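Below: one structure, written as structure tokens.
The values are calculated or read from the model by the stated rules, or taken from the named source; none is laboratory data. Worth saying up front: this structure is predicted, and the values here are computed from it rather than measured. Glycine also receives a Cβ, built like all others from the backbone with ideal geometry; neighbour counts cover every protein chain displayed.
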Amino acid sequence: MNLIDIRNLSIKLQTSTKPIFAVDRVNLTMKEGEVRGLVGESGSGKSLLAQAIVGVLDEKWAVDADRFHWRGNDLMRLSAEERKAIISKDVAMIFQEPMACLDPTTTIGEQLEEAVDVEQLTGYFWQKRQQRKLAAINLLHKVGIKQHEVCVKSFPHQLTDALCQRVMIAMALARRPMLLIADEPTAAMESTNQGQIFRLLASLNQLKNMSILLISHDLENVTHWTNTITVMYSGQFVEAGTTEQIFNQPYHPYTRALVDSSPKANRMIPNKSRLMTLPGSIPTLQHLPIGCRLGPRCPRAQQKCVHAPKIKNFHSHQVSCHFPLKDNYS
Amino acid sequence: MLIFTLRRFSLFFFTLLLLTMLSFSLSFLFPGEQLINLTGQISASPEQLAILADEYQQQSGLLGQYVSYLKHLFQGDMGYSMTSHLPISTEVLNRLPATVELASVALLVAMFVGIPVGFCAAIYHRKAADNLILTIAMIGYSIPVFWLGILAILVFSIQLGWFPSSGQISLLFEIKHITGLQLIDILLSDSPYKWQAFQDATRHLILPVIVVALAPATIFMRLARSAMLEVLDTHYIKAAKAKGLTFSQIIYRHAMRNAIIKVIRDIGLQFANLITIAMVTEVIFSWPGIGSWLIESIYQRDYTAIQGGLIVLSSFIFIVHIIIDLVYAALNPLAREPRHGT
């Protein structure tokens, strides 16, 4: 059974003239225990999609989907409160800039304790306080923080970014979620710390069978840690498949460009030669092209591209393009 | 925290130094003899004046004169009032507690009304409640205080007769002067009519407090509203939502504390404003405070009193400022630590 199954999810920004589709009919499916990468440039709507799943978007955004199933339950049919109850029980999210995501005036310990699930506590109310403390310390141990005494008493600004992200992961683990959404968890972090955080996420996935949706703009890095990858561009679905399919045989011109644009140390590049890039930049929300939004930048674009392509499926490798690069590989 | 406190006190010290310089230079700038302006002895004989000139080291340079002025200040000698011929320090000690009482009660009322109402406005942002509160805040802030005071007397004490129109307490009650703060003195006294006196003093307090508190309360409303909106927009509130906390948990545990910290910073600034309003209100309600005394002294060209009142009032404002700064540091862990370049 699919853990999460989203079909044609759109996120609209209500403006005075006409609504802007910041995310336009995106599909996303995840199985239990899967690590899926969600890749795209900044501004491609990855974070919006994640926040829409968790339900923490502001009122100015309107979310709409043909299908939004969570472990077989149709969430679109439930009321907002019921949806929030199910989601907050089973889905946790960690954000970029972990330090900004912790309350600056409350100690780490207090913030951890309030994340602890009440249902996991047993005994009378005078015992619960102690149990909460213990649970908080256990959570810190789970994410590899050994000096829990110092950590519990400190304020967020006294810890490093990587430690704060570990604390955020500890809080996310408090409710024993089925799915952890990690929204660029290592942005603005040093590479040694990045490795630590990714290894921690990978071990959580292996030991606890927790599914992880890893959002990143760095395709190359994501391939080390994921089973499957979904690529987005400017709020549209581009391509989805296993990591090998995406990285080795991309069918979509955009994914091709994304793979090619990451420089590799073992490939000989002549001095002062141009690196492979797509011309132009990602369109702003006010000036979205019609049809396939990659159109103006796409090297293979033709007249047909002014209509949005239908998703084609090649052995569970989905691609949304009129002219996929399928024939290039034989 | 210790370093933070020491820093505040060094700031206090230097500000007071500047204030005494200003007040000292005022004695030169006011018309008339400088020595008489400084001491307030208008009817002194030439012999007495010679003694005074010796005391204030008139023969030495400006610096020497200033140092001897400071010496007198630290001994509590601010000269004599030119009109009542009483020592300024006695006058101030008699008058200041009434102002402290009025101003602090008004500040508390303004805080306890303004801040929660502002938070409500932010929580119901862009709804009817928010617009209503903003409108009230705008109107309340625009009403001139002297007009409001007179109107309050006209309606509530003359037409409706609910509250007395002037004074601090009815003349029937005889309360011994211990701390000077009327309400505390009443509680300390052993008069059999203690509770009647207390009620009467409270009834006297209500109208002036409301008049003084109105403008600061509306400012606090707007400050609290914008602080709360800012906090509700931060990442940690979004993260708390994703953590599964309910809206009220988020407001009470995270949003309120962070918003209050932002507001408290500005309360100190508003206190000077509040004292100005209190001075005008004291005149309207014949409140025996230092504000009405100071305004009276200005009318009567009592230069010595103006200098003394200036120092006392501004150091009072400054002390309150420091107390609020310390409260701010106690609430905000970020402010406690010395700032380095990050």
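Miscellaneous remarks
- Looking only at the range B:77-97, and only at residues there that are within 14 Å of B:Thr20 (Cβ to Cβ) and not aliphatic (A, V, I, L, M), the one that is surrounded by the most Cβ atoms within 10 Å (Cβ to Cβ): B:Gly79
- Selection of the range A:133-146 for residues being within 30 Å of the chain's Cα centre (by Cα) and either more than 14 Å from chain B (Cβ to nearest Cβ) or among the acidic types (Asp, Glu) (or both) yields A:Ala135, A:Ile137, A:Asn138, A:Leu140, A:His141, A:Lys142, A:Val143, A:Gly144, A:Ile145, A:Lys146.
- Scanning the range A:170-212 for residues that are among the aliphatic types (A, V, I, L, M) and away from chain B (no Cβ under 13 Å) yields A:Met178, A:Ala188, A:Met189, A:Ile197, A:Leu200, A:Leu201, A:Ala202, A:Leu204, A:Leu207, A:Met210, A:Ile212.
- Cβ-Cβ distances below 8 Å connect the following pairs, each with a first residue in the range A:96-109 that is more than 7 Å from chain B (Cβ to nearest Cβ), a second residue that is outside any loop (DSSP other than H, G, I, E, B) and of a type in the set (Gly, Ala, Ser), and a separation of six or more residues or different chains: A:Gly109/A:Ala136.
- Check on B:Ser84, within 23 Å of the chain's Cα centre (by Cα) and hydroxyl-bearing (Ser, Thr, Tyr): no
- Tallying residues that are at the interface with chain B (Cβ under 10 Å from one of its Cβ atoms), assigned to a helix (DSSP H, G or I) and of a type in the set (D, E, K, R) within the range A:110-123 yields 2.
- Condition met for A:Leu78 (of a type outside the set (D, E, K, R) and away from chain B (no Cβ under 14 Å)): yes
- Residue count for the range B:29-62 satisfying the condition of being within 15 Å of B:Thr304 (Cα to Cα) and among the charged types (D, E, K, R): 1.
- Failed condition for A:Trp70, given (1) away from chain B (no Cβ under 14 Å); (2) within 19 Å of the chain's Cα centre (by Cα); (3) farther than 30 Å from A:Pro309 by Cα: (3)
- Test: residue in the range B:246-260 that is closer than 22 Å to A:His157 by Cα, surrounded by fewer than 24 Cβ atoms within 10 Å (Cβ to Cβ), touching a helix residue (DSSP H, G or I) at 6+ places or on another chain (Cβ under 6 Å) and modelled with pLDDT under 90: yes
- Selection within the range B:270-288: residues that are in a loop (DSSP other than H, G, I, E, B) and touching a Pro at 6+ places or on another chain (Cβ under 7 Å). The member of this set that is surrounded by the most Cβ atoms within 10 Å (Cβ to Cβ) is B:Phe285.
- Where B:His125 falls short, out of the listed (1) closer than 30 Å to B:Met228 by Cβ; (2) in a helix (DSSP H, G or I); (3) not hydrophobic (A, V, I, L, M, F, W, C): (2)
- Considering the range B:156-177, and only residues there that are surrounded by 13 or more Cβ atoms within 10 Å (Cβ to Cβ) and β-branched (Val, Ile, Thr), the residue that is modelled with the lowest pLDDT turns out to be B:Ile175.
- Restricting B:Tyr56, B:Tyr80 to residues that are in contact (Cβ under 8 Å) with a residue 24 or more places away in the chain, among the aromatic types (Phe, Trp, Tyr) and outside the structural domain of B:Ile250 (by TED's automatic domain parsing) narrows the list to B:Tyr80.
- Residue that is at the interface with chain A (Cβ under 10 Å from one of its Cβ atoms), in contact (Cβ under 8 Å) with a residue 40 or more places away in the chain and in a helix (DSSP H, G or I), where the choices are B:Ile267, B:Ile260: B:Ile260
- Single residue of the range A:149-169 satisfying the filter (free of Cβ contacts under 8 Å to residues at least 12 places away in the same chain and away from chain B (no Cβ under 14 Å)) that is farthest from A:Glu97 (Cα to Cα): A:Glu149
- Selection of the range A:232-256 for residues being aliphatic (A, V, I, L, M) and at pLDDT 85 or above yields A:Met232, A:Val238, A:Ala240.
- Single condition B:Ile51 does not satisfy, out of (1) part of a helix (DSSP H, G or I); (2) under 16 Å from B:Ile306 (Cβ atoms); (3) more than 31 Å from the chain's Cα centre (by Cα): (2)
- Hey, B:Gly308 within 30 Å of B:Phe28 (Cα to Cα), crowded, with 24+ Cβ neighbours inside 10 Å and under 11 Å from the mean Cα position of the chain (by Cα) or not: no
- Filter pass, A:Trp126 being more than 10 Å from chain B (Cβ to nearest Cβ), under 30 Å from A:Gln14 (Cβ atoms) and not basic (Lys, Arg): no
- When the range B:246-257 is limited to residues that are of a type in the set (S, T, N, Q) and part of a helix (DSSP H, G or I), the one that is nearest to the other protein chains (Cβ to nearest Cβ) turns out to be B:Gln249.
- Among all positions in the range B:227-245, there is no residue which is of a type outside the set (A, V, I, L, M), outside any loop (DSSP other than H, G, I, E, B) and away from chain A (no Cβ under 14 Å).
- For the range A:205-217, filtering for residues that are over 17 Å from A:Leu3 (Cα atoms) and over 14 Å from the mean Cα position of the chain (by Cα) leaves 1.
- Any hit, the range B:185-194, residues being within 13 Å of chain A (Cβ to nearest Cβ), touching a helix residue (DSSP H, G or I) at 6+ places or on another chain (Cβ under 7 Å) and part of a loop (DSSP other than H, G, I, E, B): no
- Test for A:Lys84: is it facing another protein chain (nearest Cβ under 9 Å) and modelled with pLDDT under 85: yes
- Count of the range A:222-269 residues which are over 21 Å from A:Leu48 (Cβ atoms), out of contact with any Gly (no Cβ under 9 Å at 6 or more places or on another chain) and of a type outside the set (A, V, I, L, M, F, W, C): 15
- Residue check, B:Val327 surrounded by fewer than 23 Cβ atoms within 10 Å (Cβ to Cβ) and closer than 29 Å to B:Ile36 by Cα: no
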